[in-house]
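Here, each number is a calculation from the coordinates, and none is a lab measurement. All values derive from a computational prediction rather than experimental measurement. Don't worry about glycine lacking a Cβ; one is built from the backbone with ideal geometry, like all the others, and counts go over all protein chains shown.
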């Protein structure tokens, strides 16, 4: 229904406001993307995305920035330019080919902050999105998003590593405003609600309390009572996929979207009850392939076939709503029509051409590859902006603005 509404709106207006709009979030372990078999997974992911239609798409097991671009261009923007992505930050932790990232609707959000947090296992990636609301200048709505992939496997040592990662996350929460809207998604590899890491994340004494929207505590591992919320594995055997991923059928709840407790009832950004789903799980596929003919139900054979072929995990979805007016602008205008870097390999002077159609109070921020903001510039007019970046260390940098239609641009500083 949302797609049909947008088509009608854009047919009659270049700018339209919605109230009480739903926001769909989606987390997905995309399994060694893009290298794992089968080779047509970008096209498979495109069909899954078309079915779920997320506004915020969070992933783990992304192997490279090239993989991020494949997702953006093939799975998300094949039929238009609706989505943008956060800068890809190479892993700071041990698993250099397993990283997290978010993609988002550029007309609905602007990206405000990016940070990668190092742990002993894998990074915890932090992103702040600002919702494009009619009153965003006076009363902005920010969503603080964390995405990670905790240590796998049972055993005390692995539980301790998961706890260490959870503590890293809760320490970061202490630096945020206590009323922040927070989402934490990931393949967290918890076997039960009594694991120390899970208890750490949901501890009511934390500066920001995270809650599990499902509210289904228990021992999830190999427990048929939780067969409707299991997310891994979509496959009895990994053999048909060159050994990538895990087998065993659906018998674990490893994938989560947790949220700050204020999102239970705050009309500014509220969880829609019963919207949290293990997408593709019909609740009758315990220890079976998710696409087995025995697992019929709400989710069709076609979508379950795609989920089986895409990953050994199911995606998790969660819907939010706001009483704010979300302002959706005109369909995507190419970034080069609004702002353009004259050169993408720069030694000292960064020349930025700004279209007259861009607002005069343009803010330009530059981030390094670690997600740290190293420069900010407030433009007072359109035309050519020249910035002196001679003091920058050599490396890749990302330029972002406060304009909702301009994606993040990238350039290389070299001596």
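Things worth noting here:
- In degrees, nearest ten, helix 301-310 long axis to first principal axis of the chain (Cα): 70
- Label-to-label distance, nm, for residues given as residue 344 and residue 215 (7 Å Cα→Cβ offset): 5.0
- Relative to the longest principal axis of the Cα atoms of the chain, the long axis of helix 2-12 makes an angle of roughly 20 degrees.
- Paramagnetic label reach from residue 78 (point 7 Å along Cα→Cβ; backbone nitrogen cut-off under 16 Å): within segment 91-128, no residues.
- Proxy reagent accessibility, fewest Cβ within 10 Å first, across 226, 411, 27: 411, 226, 27
- Ascending count of other beta-carbon atoms within 10 Å, so fewest first, for 195, 365: 365, 195
- For segment 244-335, the Kirkwood hydrodynamic radius comes to 15.8 Å, computed from all pairs of different C-alpha atoms.
- Degrees separating the helix 156-173 axis from the principal Cα axis of the chain, which is the longest one: 30
- The mean of 1/r over all distinct Cα pairs in segment 156-300, once inverted, gives the Kirkwood hydrodynamic radius of 16.5 Å.
- Rg to Rh quotient for segment 2-326, alpha carbon positions, Kirkwood Rh: 0.94
- For residue 97 and residue 266, the FRET efficiency from 1/(1 + (r/R0)^6), where r spans their Cβ atoms and R0 equals 41 Å, is about 0.60.
- The chain - share of DSSP beta bridges that are antiparallel (%, nearest 5): 80
- Virtual spin-label span in nm between residue 393 and residue 378, 7 Å along Cα→Cβ: 2.9
- Relative to its Kirkwood radius, the Cα radius of gyration of segment 339-392 gives an Rg/Rh of 0.96.
- Peptides 39-46, 384-391, 339-346, 50-57 ranked from most to least packed give 50-57, 39-46, 339-346, 384-391, packing being the mean of other C-beta atoms within 10 angstrom over each peptide's residues.
- For segment 222-250, no residue has its backbone nitrogen under 18 Å from a point 7 Å from the Cα of residue 296, taken along Cα to Cβ.
- For segment 73-213, the ratio of Cα radius of gyration to the globular rule of thumb 2.2 N^0.38 Å stands at 1.13.
- Going from the fewest other Cβ atoms within 10 Å to the most, the residues 184, 398, 298, 375 appear in the order 298, 375, 398, 184.
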